[in-house]
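*Asks:* Supplied in structure tokens, the structure appears directly below.
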Amino acid sequence: MKSSIDRESKDILIVKKKVSQSLSAAIANFCFPQHRVSWSNCVWNKFLSPSMSFFSWRLLHGFQPTDDILKLKGLRGPSRCGFCKSHEEIIKHLFFQCSTVKKVWNCLIPKLKLETVQLSWNDFSLSWKDWQDQDLPPIPYITAWFIWMAKNKIKYEDIWVAAATIATNCISYLQKLYCHGKLPDILHSTSHSIPRKIKFALIHWDPPPKGGIKVNTDGSFSNPYAGIGGVFRNNNGKCLLYFHSPVIAKDPLEAETVAIYWAMFMAQKCGFTSLILESDSRVLIDIIEGRLPTPWYLLQ
Ligand SMILES: [Zn+2]
């Protein structure tokens, strides 16, 4: 950036005595007042989760360990962008210039209610003012966070994440902010952003016939965690046995299947002969009763 000195004009006082800022900061603020940005508000705010805030803070301070930053710190090694595989992993490429990442931005921007789409895309600190003018300062950091997460998934887990998936993750996050009243409705498609009304249905537990035992099983799945549980009760509703455990499963159906497997296993060990099994997985019941084909991985 060039700065000229007007030798004809008189000197003026820039820094008064007893100010808190340094001389360099005072001169910089005086010369470039348009660059005064409250970075703390930009990073620590209600829109970003603590992880996102730390990520943004590291990004703005040049601490985020992209390959170019690691090189500057002496950790030199081979570098390749996980998305396009044809460029070194440097900040500008990873978050703005990569062909895959451009698709993320291109998917995301049309979904936002922006007055103009002529935003600068090459630097977080320089593009900040454009986003601030749109009253959307957290968007670049939220997007960068999901790009960074996808990059790690590709690099360290060898799992491909498409640009459309990254954009969808960003949009889902923004919808969540809107649903919690933290963000105005900035998404064009508001049908998804209106909180869905949850329907409740009262379900009765019917006891088994006298002398019989009923086991109710359930499997839960929230990637990558899964768990199972079950409870055996007699016709008086008395609990005879229950179990619960974390398990390894690849989807909710497998978790439900594992729950039934262990319920049957325990019933056999305990000698429960007159047994009724109830599961809340309609698909699994249809599979067991032969109305649906069995997925190959459940046969293992
Ligand atoms: Zn790339």
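The values are calculated or read from the model by the stated rules, or taken from the named source; none is laboratory data. Keep in mind it's a predicted model, so treat the numbers as computed, not measured. In this analysis, Cβ positions are derived from the backbone assuming ideal geometry, glycine residues included, and neighbour counts consider all displayed protein chains. Keep in mind that these areas ignore ligands, DNA and RNA; they rest on the heavy atoms of the full protein, side chains included. Shrake-Rupley method; radii C 1.70, N 1.55, O 1.52, S 1.80 Å.
*Asks:* Counting only C-alpha contacts under 8 Å and six or more residues apart, can you give the relative contact order of segment 213-298 as a whole percent?
*Replies:* Values: 144 pairs, mean separation 26.8, N = 86.
Relative contact order, segment 213-298: 31 percent.
*Asks:* Another question about this same structure. Between Ser49 and Ile248, what FRET efficiency follows from the Cβ-Cβ distance if R0 is 22 Å, with the result rounded to 0.05?
*Replies:* Given R0 = 22 Å and the Cβ-Cβ separation, E is 0.20.
*Asks:* Tell me, what is the per residue accessible area of segment 213-298 in Å², probe radius 1.4 Å?
*Replies:* On the way: 5310 Å² over 86 residues.
Heavy-atom accessible area per residue stands at 62 Å².
*Asks:* Now a separate question. Relative to the present Cα-Cα distance, how much length would full extension add between Ser86 and Asp158 at 0.36 nm per residue of separation?
*Replies:* Working: separation 72, 0.36 × 72 = 25.92 nm, distance 1.66 nm.
Answer, rounded to one decimal: 24.3 nm.
*Asks:* So, one more: Using a 1.4 Å probe over the heavy atoms of the protein chains, calculate the carbon and sulfur portion of the accessible area of segment 213-298 as a whole percent.
*Replies:* Details: 3060 of 5310 Å².
Exposed carbon and sulfur together represent 58 percent of the surface.
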